[in-house]
Amino acid sequence: MPEQRDYFEEVYEVVRLIPKGRVTTYGTIAKYLSLRAGARMVGWAMNGCHNRPDIPAHRVVNSIGVLTGKHFFGEPNVMQRLLEDEGVRVENDRVVDFKTMFWDPMIELAI
DNA sequence: GCACTGACTAGGG
DNA sequence: ACCCTAGCCAGTG
């Protein structure tokens, strides 16, 4: 079965659905897709998203709203700038009012 | 084939 | 409130 690598595409698809100005977490995506793999694999999937320019990876943060993947955007402040450009305030590498900016596919997409 | 690492998370001390 | 540990799966040495 070609399911081994297809969850990469599923992750990308969910990330693409994140509305502008909202953020979500690796664990949430993993849970939404019911991935046997954990949140780590979602992060690993994002590692391969450089081939897909239409993936807003900057809208994916860790469970407490910290921009853990900012170092993978070339310059350290690129991820923060992308978020703030969308109206997401970032302070000290952490999303301000993360609870409000949080986007949950379980709820928003109403599975 | 074993051990370590990592864009993670939750739980315990 | 902070530090550490244990699960988790794929890639790399």
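The values are calculated or read from the model by the stated rules, or taken from the named source; none is laboratory data. Just so it is clear, the model here is predicted, and its values are computed rather than measured. With ideal geometry, Cβ positions are generated from the backbone for all residues, glycine too; neighbour counts draw on all protein chains shown. Side chains are part of the model used for accessible areas, which takes the heavy atoms of the whole protein and leaves out ligands, DNA and RNA. Shrake-Rupley method; radii C 1.70, N 1.55, O 1.52, S 1.80 Å.
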message: Of everything in region A:25-38, what is closer than 14 Å to A:Tyr12 by Cα and more than 9 Å from DNA strand C (Cβ to nearest atom)? Give them in sequence order.
response: A:Thr25, A:Tyr26, A:Thr28, A:Ile29, A:Ala30, A:Tyr32, A:Leu33
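Could you tell me which of the residues A:Arg81, A:Arg94, A:Arg52, A:Arg59 is of a type in the set (Lys, Arg) and under 16 Å from A:Glu10 (Cβ atoms)?
On the way: A:Arg81 fails: under 16 Å from A:Glu10 (Cβ atoms); A:Arg94 fails: under 16 Å from A:Glu10 (Cβ atoms); A:Arg59 fails: under 16 Å from A:Glu10 (Cβ atoms).
Answer to the selection: A:Arg52.
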task: Go through region A:42-61 and give me each residue that's crowded, with 18+ Cβ neighbours inside 10 Å and more than 12 Å from the chain's Cα centre (by Cα).
output: none
task: Output the number of the condition that A:Ile64 fails; it satisfies all remaining conditions of (1) hydrophobic (A, V, I, L, M, F, W, C); (2) at pLDDT 90 or above; (3) away from DNA strand B (no atom under 11 Å from the Cβ); (4) more than 12 Å from the chain's Cα centre (by Cα).
output: (3)
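Just one of A:Met79, A:Met41 is within 13 Å of DNA strand C (Cβ to nearest atom) and without any contact (Cβ under 8 Å) to a residue 60 or more places away in the chain; which is it? Break it down stepwise before answering.
Details: A:Met79 fails: within 13 Å of DNA strand C (Cβ to nearest atom).
That would be A:Met41, the only listed residue that is within 13 Å of DNA strand C (Cβ to nearest atom) and without any contact (Cβ under 8 Å) to a residue 60 or more places away in the chain.
Restricting attention to region A:10-39, and to residues there that are at pLDDT 90 or above and over 23 Å from A:Gln80 (Cβ atoms), which single residue is least open to solvent (accessible area, probe 1.4 Å)? Lay out the reasoning, then the answer.
In the first step, residues of region A:10-39 are kept if they are at pLDDT 90 or above; the result is A:10-33, A:39.
Narrowing the set further to residues that are over 23 Å from A:Gln80 (Cβ atoms) leaves A:10, A:13, A:30-33.
On the way: A:Glu10: 85, A:Glu13: 111, A:Ala30: 7, A:Lys31: 147, A:Tyr32: 53, A:Leu33: 34 Å².
Ranking the qualifying residues of region A:10-39, first place goes to A:Ala30.
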field: Count of residues meeting criterion [open to solvent by less than 90 Å² (accessible area, probe 1.4 Å) and within 15 Å of A:Thr28 (Cα to Cα)] in region A:62-84
entry: 3
Region A:85-111 residues that are closer than 18 Å to A:Ser63 by Cβ and open to solvent by 30 Å² or more (accessible area, probe 1.4 Å), paired with ones that are part of a loop (DSSP other than H, G, I, E, B) and small (Gly, Ala, Ser) (beta carbon under 6 Å, 6 or more apart): A:Arg94/A:Gly65; A:Phe98/A:Gly65
message: As an exercise: evaluate A:Phe102 against (1) over 15 Å from the mean Cα position of the chain (by Cα); (2) closer than 13 Å to A:Pro19 by Cα and give the number of the one condition it does not meet.
response: (1)
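Rundown of residues vs (1) more than 9 Å from DNA strand B (Cβ to nearest atom); (2) farther than 18 Å from A:Glu108 by Cα; (3) not aliphatic (A, V, I, L, M), yes/no style:
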residue: A:Val14; (1), (2), (3): yes, no, no
residue: A:Ala30; (1), (2), (3): no, no, no
residue: A:Gly38; (1), (2), (3): no, yes, yes
residue: A:Ala45; (1), (2), (3): no, yes, no
residue: A:Leu82; (1), (2), (3): yes, yes, no
